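Novice: Please find one structure pasted underneath; my questions will follow.
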Amino acid sequence: MKKQPKPKVAFFDFTDCEGCQLQFANMGEVLLEIAELVDIVNFREIMSEQGEDYDIAFAEGSITTDNDVKRIKKIREKAKVVVALGACATLGGVNGMKNRTPLDVAKERVYADKADTVNTIKAMPVHEVVKVDYFIHGCPVYIPEVITVIKCILMSRPYVVPNYPVCAECKMNENVCLYEKEQECMGPVTRAGCNSWCINNGNRCYGCRGLVDNPAADAQKDILLKYGLKMDEILKHFTLYNDSLGDKYEQQLK
Amino acid sequence: MIPWETSMSSNSSKTKDVKIDVHYLTRVEGHGNIVVDTKDGKLTKCEFQVIESPRFFESMLVGRVIWEAQHITSRICGICACGHSLASIKAAEDALGITPADETVMLRKLLLYTEQMDSHILHIYFLVAPDLLGVKSIMPLIKTHRSIIDMALKMKRMSDYAGEVLAGRHIHPISYVIGGLTQLPARENLEKLYKMMLECRKYGDETVKILKKLKFPEFQRPTQYLSLTHDGEYAMYDGDLVVNGKNRTKYNKYREVLTEKVVDYSRAKIATINNKPYAVGALARFNNNSDKLHKKAKAVAESLRLKAPCHNPYLNTVAQMVEWVHCLEESIAIIEKILKEGLNEKKIVVSSWPKKSQIDKIKYRPNTGIGCVEVPRGSLFHEYTIDDTGHITAANCVIPTNQNMGNLEEDMRKLVPELLGRHSREEITQALEMLARAYDPCISCATHLLDVRFV
């Protein structure tokens, strides 16, 4: 049997903290195993080589400038497969919070009289600009899920992102529900797949993987109100990572 | 290899004038360009341009409740997520008037030390070593230097694991919050981490041997070195600010020490002290505080011939290795103490957010809080102003890379004329890239500028 050529993989980062790429470096030996199955041709953060010929493109970060839009369109033209890596790429992530304020106000706050020199547009997830084939949610991405998605890509199979809430995984992990401990949590409406990472460590769910397709938003709102949160505070909880859905929730919740 | 020591430097390609435009400097965190132009052998342009898209963290924080600040600002940077979290927590505690327990502070130091180790190893092996070994990245080294790469990955793995054990994960830590931790690290995990750290001692020795064989470029330019300093320890988590060991100032008066300004060509501000550029980071800390290092780290500095004050910015990488050894020994000592004495859950564990029964009872008073820690690349400041509802009305983050930017440009201004006429354009370009890389710039951090209203 003739040996198949290895697929060429490239990593591109847009507006973000680069933490999801770093999660790859944190895979340790598994990264070396993956490196044997593919050719990494472009990974600016750790390589000076810059290949322009690739099959699989990992796009990390949100699209926030005109130049970002041009770059991602070019990447889409070249790549057979585009993977949105991490919350900034799949949802807009924390960058989306800037959209909650008019852009000129945000620019003025940070750059004052030099505000006009700053080129910025609304923060968008990658799929608002080009077609995305695989979504890896999370802030940061959860390594076991990343490995599962990579296996799917290499076998040309789709990856189905869980569409049930974090609570399902949280129960399996036998965590005491935070609501039992007088604390609120976004777990009931947030998409699972992270193995309830934050709650396992004593914190609450902040919704970094985005909401399930039909979240019980009204019920969640009622509970949060019961927990002393005010309406605008609740909307901030829903949109911390999810600005692309902000308008929808604003209408639904108010 | 090292540009001005290769045989190439004597051939006909040596240049009197250069125009250099390194678009998207590689092997650094974030997007930056180096632009240099000369005319008749004189420098006419010399810029390190940060072209990372601005992210507006200071604007995004406005209107958010103070309890969320750590979660949000951790997302400024994937490498220093723990450092940003700690600076944020310190600023928030300052604003709220909360004093953490001593044991909490000890666990914070442990997290900070392990992050220093993580970042320093990433920089030494993944970002700098390829230059010194004459390759473009770590990838070819996987084939040619497999045992070294395996060792580097084990050292990296140890500090990642430390993040997992202490905070749930290193990138965007989970359990470190205002007032304490949301849960204690498990004893069996600390024992495993302890074993990994002991094993890493020999990898540290090996790394020092490797560094000894490498030749770093010769270049000297004395400058101002800013860092925290502390009477009792090598300052990382706490202390006062000093410049070249002098002018000791409380860090909450940092605005009296440093100034930042916006420049047209960059999305990051340039900071100055007394209108002159300055350096922060491992070399600055070493220059100010080397007498407080652990004795093993002092021995390593001596064997690598690093002596304070050192004015060669390329040796920042060597100072990072010295700090790695210091942080390893300090971490081992802390874990030994915990394993022996245990941790007091009542003093340390808090909820991440006020509980339902407390949420209406908290009385906030309008206040400004400032936090500062030494992160891998230097002194990091967070400053938040809150109103009487606990919501942030103004925020400001001063990032190490912004502080180093002016100093790097000043270095380039001295270096380029020294190389002109004796070296080719490629050699000069590589020398400049290596110089920028030596500062270990973290550009996605650097684009979160200070709130100009304070200036």
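Novice: Within segment B:73-92, is there a residue that is at the interface with another protein chain (Cβ under 10 Å from one of its Cβ atoms), closer than 24 Å to residue B:192 by Cα and part of a helix (DSSP H, G or I)?
Specialist: Yes: one or more hits.
Novice: What is the one condition in (1) of a type in the set (A, V, I, L, M); (2) under 15 Å from the mean Cα position of the chain (by Cα); (3) more than 14 Å from every other protein chain (Cβ to nearest Cβ) that residue A:143 does not satisfy?
Specialist: With respect to (1) of a type in the set (A, V, I, L, M); (2) under 15 Å from the mean Cα position of the chain (by Cα); (3) more than 14 Å from every other protein chain (Cβ to nearest Cβ), residue A:143 is out only on (3).
Novice: Further question on the same structure: Which members of segment A:26-57 meet the condition of being within 11 Å of another protein chain (Cβ to nearest Cβ) and modelled with pLDDT of 75 or more?
Specialist: A:26, A:27, A:30, A:31, A:32, A:35, A:36, A:39, A:40, A:41, A:42, A:43
Novice: Does segment B:356-385 hold any residues that are within 14 Å of chain A (Cβ to nearest Cβ), under 20 Å from residue B:99 (Cβ atoms) and among the aliphatic types (A, V, I, L, M), and which are they?
Specialist: B:362
Per-residue answers, yes or no, for (1) within 13 Å of chain B (Cβ to nearest Cβ); (2) in contact with a strand residue (DSSP E or B) (Cβ under 7 Å, 6 or more places away or on another chain):
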position: A:135; (1), (2): no, yes
position: A:170; (1), (2): no, no
position: A:175; (1), (2): yes, no
position: A:211; (1), (2): no, yes
position: A:217; (1), (2): no, no
position: A:224; (1), (2): yes, no
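Novice: Quick one: residue B:108 ticks every box in (1) farther than 30 Å from residue B:389 by Cβ; (2) crowded, with 21+ Cβ neighbours inside 10 Å; (3) touching a helix residue (DSSP H, G or I) at 6+ places or on another chain (Cβ under 7 Å); (4) not β-branched (Val, Ile, Thr) except a single one, so which number is it?
Specialist: Evaluating residue B:108 over (1) farther than 30 Å from residue B:389 by Cβ; (2) crowded, with 21+ Cβ neighbours inside 10 Å; (3) touching a helix residue (DSSP H, G or I) at 6+ places or on another chain (Cβ under 7 Å); (4) not β-branched (Val, Ile, Thr) leaves (1) as the failure.
Novice: Select the helices (runs of 4 or more DSSP H) contained entirely in segment A:146-254, then report the ones holding at least 3 residues which are surrounded by 18 or more Cβ atoms within 10 Å (Cβ to Cβ). Give the derivation first.
Specialist: Numbers: elements: A:166-172, A:197-200, A:217-226, A:231-239, A:246-253.
The qualifying helices (runs of 4 or more DSSP H) are A:166-172, A:197-200, A:217-226, A:231-239.
Novice: Moving to a separate point now. Can you tell me which residue is farthest from the other protein chains (Cβ to nearest Cβ) among those in segment A:12-25 that are part of a helix (DSSP H, G or I) and hydrophobic (A, V, I, L, M, F, W, C)? Spell out how you get there, then give the answer.
Specialist: Filtering segment A:12-25 for residues part of a helix (DSSP H, G or I) gives A:19-25.
From what's left, hydrophobic (A, V, I, L, M, F, W, C): A:20, A:22, A:24-25.
Values: A:20: 7, A:22: 5, A:24: 11, A:25: 7 Å.
Across segment A:12-25, the extreme among qualifying residues is A:24.
Novice: Would you kindly identify the strands (runs of 3 or more DSSP E) lying entirely within segment B:291-403 that contain at least 2 residues that are within 16 Å of residue B:234 (Cβ to Cβ)?
Specialist: B:367-375, B:378-386
Novice: Given the criterion surrounded by fewer than 18 Cβ atoms within 10 Å (Cβ to Cβ) and away from chain A (no Cβ under 14 Å), identify the matching residue among B:261, B:209. Can you show your working first?
Specialist: On the way: B:261 fails: away from chain A (no Cβ under 14 Å).
Answer to the check: B:209.
Novice: Can residue B:398 be described as within 14 Å of chain A (Cβ to nearest Cβ) and over 25 Å from residue B:134 (Cα atoms)?
Specialist: Answer is yes for this residue.
Novice: Return the total of residues in segment B:286-305 being within 17 Å of residue B:245 (Cβ to Cβ) and of a type in the set (Gly, Ala, Ser).
Specialist: The total comes to 2.
Novice: Among the residues that make up segment B:123-135, is at least one of them within 20 Å of residue B:327 (Cβ to Cβ), out of contact with any Lys or Arg (no Cβ under 9 Å at 6 or more places or on another chain) and away from every other protein chain (no Cβ under 12 Å)?
Specialist: Residues of segment B:123-135 within 20 Å of residue B:327 (Cβ to Cβ): B:123-129.
Restricting the remaining residues to those that are out of contact with any Lys or Arg (no Cβ under 9 Å at 6 or more places or on another chain) gives B:124, B:129.
Narrowing the set further to residues that are away from every other protein chain (no Cβ under 12 Å) leaves B:124.
The answer is yes; a qualifying residue exists.
Novice: Go through (1) in a helix (DSSP H, G or I); (2) more than 21 Å from the chain's Cα centre (by Cα); (3) modelled with pLDDT under 95 and name the single condition residue B:46 misses.
Specialist: (1)
Novice: Out of all the residues in segment B:376-384, is one or more more than 28 Å from residue B:135 (Cβ to Cβ) and at pLDDT below 90?
Specialist: No: zero hits.
Novice: I would also like to ask the following. Could you list all residues from segment A:74-104 that are hydrophobic (A, V, I, L, M, F, W, C) and either without any contact (Cβ under 8 Å) to a residue 12 or more places away in the chain or in a helix (DSSP H, G or I) (or both)? Lay out the reasoning, then the answer.
Specialist: Narrowing segment A:74-104 to residues hydrophobic (A, V, I, L, M, F, W, C): A:75, A:79, A:81-85, A:87-89, A:91, A:94, A:97, A:103.
Within segment A:74-104, A:75, A:87, A:88, A:89, A:94, A:97, A:103 qualify.
Novice: In addition: Looking only at segment B:160-201, filter to residues that are assigned to a helix (DSSP H, G or I) and within 11 Å of another protein chain (Cβ to nearest Cβ); which one of those is surrounded by the fewest Cβ atoms within 10 Å (Cβ to Cβ)? Break it down stepwise before answering.
Specialist: Narrowing segment B:160-201 to residues assigned to a helix (DSSP H, G or I): B:160-167, B:187-201.
Still in the list and also within 11 Å of another protein chain (Cβ to nearest Cβ): B:160-161, B:163-167.
Details: B:160: 22, B:161: 20, B:163: 22, B:164: 18, B:165: 24, B:166: 27, B:167: 31.
So the residue we want is B:164.
The values are calculated or read from the model by the stated rules, or taken from the named source; none is laboratory data. Values in this document were obtained by computation on a predicted structure and should not be read as measured data. Note: ideal-geometry Cβ built from the backbone for every residue, glycine included; neighbour counts use all protein chains shown.
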